[in-house]
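**Q** Once you've had a glance at the structure underneath, I'll fire off some questions.
Taken together, the values in this text are just the output of simple stated rules run on the coordinates, not laboratory data. Remember, predicted model here, so these are calculated numbers, not experimental data. A quick note on method: Cβ atoms are made from the backbone with ideal geometry, for glycine too, and the neighbour counts reach across all protein chains shown.
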Amino acid sequence: MSNIEFKCPCCGGALNFDNKSQNIVCPYCDSQFSADDLKNYNDDLASDTQEDTSWDESMVEAYTSEEMKGMKIYTCNSCGGEIICEETTSSTCCPYCNNNMVVSKEVSGDLKPNLIIPFKKDKVFAVDAFKKFLRKKPLLPGSFSKTNTIEQTKSLYVPFWVFDADVTGKVRFKGETTKTWEDANYRYRETRYYSLVRGGGVGFEHVPVDGSKKMEDQLMESIEPYTWSETKEFNVAYLAGYSADRYDVSKEETFGRATERFRQGTAEAFRRDIHGYNNVTVEDSNLQFNNTETRYVLYPVWLLNVKWKEKNYRFGLNGETGKIAGNLPISVSKSILFSALLFLIPALIFFFIAFAICSFNPEKILAPILIGLVLGLVIAIFGMKIMVGKNKNVKFSYGAFPYEKKDSCYIDTRKDIFLYKKVTRTAKANNNKR
C-alpha cells in the first residue's frame, strides 16, 4: 500500500508525523497540527461537490429588419469603434477617439437588447457635475481646473450583459486570533490559525458586465449602480438623438468576470456571519449557480474627454443617477507638502512632550520622540492614501455585493476548525541594556 501524503494547510508542503510531539509537523514552515484537527480539515475538503457556475443564455434574441429600420452602423476609420445611430445622422464623432465616423452597413442579425434605461441627465448636468467633481481635491494641480479643455462631451448607450443567479455552496476562509502577554524580560505574541467554513446561499440580481472592448471596465464599474426599476423594454425610439455602442464582447466572453463578481459577492455575504477573529481572508470557494438569467441591456453614459498638458483624461458619468468617475492628475509639489505636514505635526507634538519630560527624567526622552516619528509616518501614509483616493477613484466594483437580494442570505453550515498556533518572543528594551 502506498503512503498517504497530507498537504500543509499553511504552505502546501508535505507533512510528516513527529513521534516525539505526537503531532503532524511541516518541515517547511514548522507548523504543527494535531491529528484530529488535520482530519477535520481534510474531511471538509473532501466534502466539496462539483462546482457549477454555468449561465442560462436563452433571454437574448436577434433584431428583426423591421425593428431596426432607419438605423445604421457607423464605424470609426481611426480606432475601429462602432456605434448605432439614426440613418439621418449626417456625421458623428467617435466617442473614443473624437475622429469622424462614416456609415458602414445596415443593422442586421445583431443581438437585440432586452432592456434599456433612457437618459435622465443632459449635457448641461454632465459638464456641471464635472466642475463640481474637481472641487475638494487637495492634490489636484491648481492649473488643471483652469486650463483643461473639455474636448468632447458625448452621450452613449453602453452595452452590458446583466446576470441574475441564486448561489449556493460554501466559502472557506482563513481566520486568525492574536493574544499578547509579557513577563519581566520578554513580550509574547501568540497567533492561532483557523479554517473557517461557511455554507449556505445568497441571491444576486442585475449584476452588470461591460460589453464593449473600447470602454474601460473599471470606469464603467466605478459609476455603478443603475436603478433596475428604471429599465424599459427596448424600443428603437429611445435611440432617437443618441448613439448606442455596438457590443463587441460576447456574452460568453463576460462569463468569467460575471462569475468572479458573484464569487466575491458570496464571500462578502458569508463573511458577515464570522465573528471573533482579528483577521479573516478568503481561501477558496465551491459554488453552484441556480435560476440563472443573462440579459442584454443598454445603460446611459456621458463620456467627457479632457485634454491637459498634451495628455487625455476620460471621465464617465452615469446618465441615470449622475454619478461621475475618472482619474485626475496629482501635483508632485502638493504631495510633498502634504506628506511633510502630516508627518511633522504629530512628530513635533511628541517632540515637545519629550522636551517637557526631559526636565523631569532625561532617561525617558527617547520614547516619546520615537512614538512621534512612528505616528507621524503612519499618519502621513494613510493620509496620503486617502487624498490620492480622491483623485484616483476608478476601480473595479467589489463583487456583486451592491446587487444582493434583500433577506436572501442564509447560513446552514458553520465550521471553525483550529489548525495551528505560533508564538513569537521579543526581548524588552530594558532587558537589552543589562
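**Q** Hey, can you rank 272-280, 296-304 by average C-beta count inside 10 Å, highest first? Can you show the working numbers first?
**A** On the way: 272-280: 12.1, 296-304: 24.2.
The densest-packed peptide leads the list: 296-304, 272-280.
**Q** Over 23 Å between Cα atoms, which of Lys121/Lys309; Lys251/Lys390; Lys121/Lys405; Lys131/Lys309 qualify? Intermediate values should be presented prior to the final figure.
**A** On the way: Lys121/Lys309 29 Å; Lys251/Lys390 33 Å; Lys121/Lys405 27 Å; Lys131/Lys309 18 Å.
Result: Lys121/Lys309; Lys251/Lys390; Lys121/Lys405 exceed 23 Å.
**Q** Using the Karplus curve 6.51 cos²θ - 1.76 cosθ + 1.60 with θ = phi - 60°, what ³J(HN,Hα) values do you get for each residue of region 311-327, in whole Hz, with x for Gly and Pro?
**A** 10, 9, 10, 10, 10, x, 10, 5, x, 9, 9, x, 5, 10, 8, x, 8
**Q** Shifting gears a bit: Give me, ordered by chain and number, the residues 5 or more places off Gly211 or on other chains with an amide H under 5 Å from its own placed amide H.
**A** Phe160, Trp161
**Q** Would you pull out the residues with amide H under 5 Å of Lys112's amide H, same chain only if 5 or more places away, H placed 1.01 Å from N?
**A** Long-range HN contacts for Lys112: Glu61, Ala62, Tyr63.
**Q** Roughly how far apart, in whole Å, are the Cα centres of region 266-311 and region 196-215?
**A** The two parts, judged by their Cα centres, are 6 Å apart.
**Q** Could you list Asp44, Asp407 in order of exposure, starting from the residue whose Cβ has the fewest other Cβ atoms within 10 Å? List each step's numbers first, then the result.
**A** Numbers: Asp44 17, Asp407 7.
With the fewest neighbours first, Asp44, Asp407 line up as Asp407, Asp44.
**Q** In straight Cα distance, which lysines are under 21 Å from Lys385, not counting same-chain residues fewer than 8 positions off?
**A** Lys385 reaches Lys136, Lys137, Lys334, Lys395.
**Q** Ranked highest first by the average count of other Cβ atoms within 10 Å around their residues, in what order do 75-82, 115-122, 164-171 fall?
**A** Working: 75-82: 16.8, 115-122: 18.2, 164-171: 22.5.
Ranked from most to least packed, the peptides come out as 164-171, 115-122, 75-82.
**Q** Ok, one more. Could you please rank Val423, Val25, Val378, placing first whichever residue has the fewest other Cβ atoms within 10 Å of its Cβ?
**A** Numbers: Val423 10, Val25 18, Val378 13.
Listing Val423, Val25, Val378 from fewest to most nearby Cβ atoms yields Val423, Val378, Val25.
**Q** Here's something else I'd like to know. Output wanted: per-residue J couplings in Hz (rounded whole) for region 33-41, from phi through Karplus 6.51 cos²θ - 1.76 cosθ + 1.60, θ = phi - 60°, x for Gly and Pro.
**A** Once rounded to whole Hz, the list reads 9, 6, 4, 5, 4, 5, 5, 4, 5.
**Q** If a/c stays under 1.5 just call it rounded; otherwise compare a/b with b/c (prolate if a/b is bigger, oblate if not). Do that for region 191-284, with a ≥ b ≥ c from the square roots of the Cα gyration tensor eigenvalues.
**A** Prolate, because a/c is 1.5 or more and a/b exceeds b/c.
**Q** Let me ask something else about it. Under 1.5 on a/c is rounded, so check that first for region 142-218, then, if it is not, pick prolate when a/b is larger than b/c and oblate when it is not; a ≥ b ≥ c are the square roots of the alpha carbon gyration tensor eigenvalues.
**A** Working: a/c = 5.95, a/b = 1.59, b/c = 3.73.
Oblate.
**Q** Going Cα to Cα from Lys428, which lysines come in below 21 Å? Please leave out same-chain ones fewer than 8 positions away.
**A** Reachable lysines: Lys179, Lys364.
**Q** Using per-residue counts of other Cβ atoms within 10 Å, averaged over each peptide, order 139-150, 283-294, 216-227 from highest down. Can you show the working numbers first?
**A** On the way: 139-150: 14.9, 283-294: 16.8, 216-227: 19.0.
So the peptides 139-150, 283-294, 216-227, ranked by packing, come out 216-227, 283-294, 139-150.
**Q** How large is ³J(HN,Hα) for each residue in region 418-424, as worked out from phi by the Karplus curve 6.51 cos²θ - 1.76 cosθ + 1.60 (θ = phi - 60°), to whole Hz, x for Gly and Pro?
**A** These are the phi-based 3J(HN,Hα) values: 5, 10, 6, 9, 9, 10, 10 Hz.
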